[in-house]
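Everything below concerns the one structure shown next.
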Amino acid sequence: MNQMGDSFLDAVERNVEMQSQFLDAWMRSIDETAMDETWKDGARGYARAYQVWMRAAEEQIERVHDAMEGEDVPLEDFRDIWLNAANEAFKEVMGTTAFALATGQTVDNALGAKEGFDQLAESTLRAYGFATDGDIEEVGKRLVELERRQHAVETKLDRILEAVEE
């Protein structure tokens with residue numbers, strides 16, 4: 001059983017190492033003049049995140065090996081390895097200009113879609129004879145203007161009444 005476990009761990013280790021070597025070779029082979037700085041930054045962030053995952057896989061392999069050798073390894077250790085790796089990998093990706101650019105484009109697209117939905121909702125409400133936000137705002141502005149005028153008229157009336165009383 002130990003021999004099978006060791007063989008499995010060796011195979012996983014070789015797989016992780018080969019994937020890491022492939023990624024390193026791929027990154028070196030990319031023609032850097034063909035990429036803009038944003039894409040390069042995104043690729044580097046992805047590569048760093050990939051390395052985080054590979055380190056987590058190696059750490060998990062070590063913990064499995066420890067368990068197979070009789071060490072008491074709590075299951076929480078495995079969970080913590082992957083949770084910590086996920087946090088670190090996400091930081092690597094989210095800290096890139098490519099992620100910021102993609103997020104900005106997504107927000108811009110969402111705001112454009114919201115504007116379209118708002119216009120559709122307003123036209124639908126108008127078609128059914130309901131008041132829209134625009135209608136309510138207009139009524140509010142008119143009400144404020146009426147109150148301002150009423151106050152001006154009251155002020156003038158007070159002056160006239162004072163003049164008549166004197």
Projected label distance in nm at Trp39 and Ile136, using a 7 Å step from Cα toward the beta-carbon: 4.8
Modelled FRET efficiency - R0 22 Å, Gln105 with Gln51, Cβ distances, 0.05 increments: 0.25
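Where Lys and Arg each count +1 and Asp and Glu each count -1, what net charge lies around Ser123 among other residues with Cβ under 14 Å from its Cβ? Walk me through the numbers on the way to the answer.
Details: positive: Arg126; negative: Glu115, Asp118, Glu122, Asp133, Asp135.
Overall, the nearby charge balance is -4.
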Extreme residue, positive dipole direction of the range 119-165, given options Thr155, Gly140, Gln119 (C-beta unit charges): Gln119
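Each value in this text was obtained by applying a stated rule to the coordinates, not by laboratory testing. Keep in mind that what you see is a predicted model, and the values were worked out from it rather than measured. Methodologically, a virtual Cβ is constructed for each residue, glycine included, from the backbone with ideal geometry; neighbour enumeration extends over all protein chains shown.
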